[in-house]
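Reviewing the structure listed below.
The values are calculated or read from the model by the stated rules, or taken from the named source; none is laboratory data. Everything numeric in this text was worked out from a predicted model, so none of it was measured. Every residue, glycine as well, gets a Cβ built from its backbone with ideal geometry; the counts of neighbours run over all protein chains shown. Quick note on the areas: whole protein, heavy atoms, side chains included, nothing else; ligands and nucleic acids left out. Shrake-Rupley method; radii C 1.70, N 1.55, O 1.52, S 1.80 Å.
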Amino acid sequence: MNRIELYQGDITEMHVDAIVNAANRSLLGGGGVDGAIHRVAGPKLLEECKKLNGCETGQAKITMGYRLPSRYVIHTVGPVWHGGEIGEKELLASAYLSSLKLAREHQLKTLAFPNISTGVYAFPKQLAAEIAIETVRNFLENDDWFEEITFCVYDDENYEIYTKLLNQTGH
Ligand code: AR6
């Protein structure tokens, strides 16, 4: 059964159990997808985030979704790209894996990921997509809990990269 989906658009409009936020370690908001999520969720999201004491790179924390159509937000922190020699690849895989584990612990069935680290944090998009798909696929192969994991791409470049990768290898 194919449980990986591709969607191009705004993650804040998605009706899933949880959307994943590409946050920073403060968890106090920012630009990009993080800014969009906080804008739509409203001020209560920031209030709850203030109580979390931040989040390490590669880890994840969960909050309610407030005014978002998704019930929860899983905030994860991807690595800043510094050339690839200081563990960026492992940290990106860890951001995806920590988010999946947290969603699983909270018994969530449907999850949507943005393209973590590929905006402000400048992670190469092709490599990031390969890591994201491999990490999610490995998880799904070993655990049949999730109903659907969606990769929410925003820009056309990521859409093309994900389309190719998902078609090449089968879902
Ligand atoms: N829906 C889905 N994807 C989006 C949206 C949206 N509404 N808006 C942007 N993207 P970025 P990062 C895509 O920069 O690289 C923030 O300031 C975007 O096209 O949001 O992990 C945080 O607070 C890109 O492919 O996150 C951190 O400080 C992807 O989301 C820092 O940026 C990620 O881009 C995190 O940087």
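So which DSSP H runs in the chain come out at 15 Å plus along the axis (Cα) with average Kyte-Doolittle of at least 1.6?
Details: long enough: 88-105 (25 Å, -0.12); 125-142 (26 Å, -0.06); 156-169 (20 Å, -1.20).
Correct list, ordered by number: empty.
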- request: Please give the per residue accessible area of the chain, computed with a probe of 1.4 Å over protein heavy atoms only, in Å².
  value: 49 Å²
query: Tell me, what is the percent relative contact order of the chain, built from C-alpha pairs under 8 Å that lie six or more residues apart?
result: 29 percent
- request: For Lys50, list the lysines whose Cα falls under 21 Å from its own Cα; do not include residues on the same chain fewer than 8 positions away.
  value: Lys61
field: Sum of side-chain charges, Tyr66 neighbourhood, beta-carbon under 13 Å (Lys, Arg +1; Asp, Glu -1)
entry: +2
task: Would you work out which of Tyr96, Met64, Asn167 lies farthest towards the positive end of the dipole of the chain? Charges go on Cβ: Lys and Arg +1, Asp and Glu -1.
output: Met64
- prompt: Among the DSSP beta bridges whose two residues both lie in the chain, what percent are antiparallel, rounded to the nearest 5?
  reply: 25 percent
- prompt: Cα centroids of the stretch 24-39 and the stretch 82-154: how far apart, whole angstrom?
  reply: 18 Å
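When Rg is the radius of gyration of the Cα atoms in the chain and Rh is its Kirkwood radius, what does Rg/Rh come to?
On the way: Rg = 14.6 Å, Rh = 15.7 Å.
A ratio of 0.93.
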field: Placed amide H near Ile62: partners under 5 Å, 5+ positions off or other chain
entry: His75
- request: Sum -39500 (n - 2.57) across every DSSP H segment of at least 4 residues in the chain, then divide by the residue count to get the 222 nm mean residue ellipticity, nearest 500.
  value: -12500 deg cm²/dmol
- prompt: Within straight cross-link reach of Lys164, meaning Cα distance under 30 Å, which lysines are found once same-chain residues fewer than 8 apart are removed?
  reply: Lys89, Lys101, Lys109, Lys125
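When the chain is fully extended, how far beyond the present Cα-Cα distance does Leu46 get from Asn167, taking 0.36 nm per residue of separation? Please list the in-between numbers first.
Values: separation 121, 0.36 × 121 = 43.56 nm, distance 3.82 nm.
Between Leu46 and Asn167, full extension yields 39.7 nm more.
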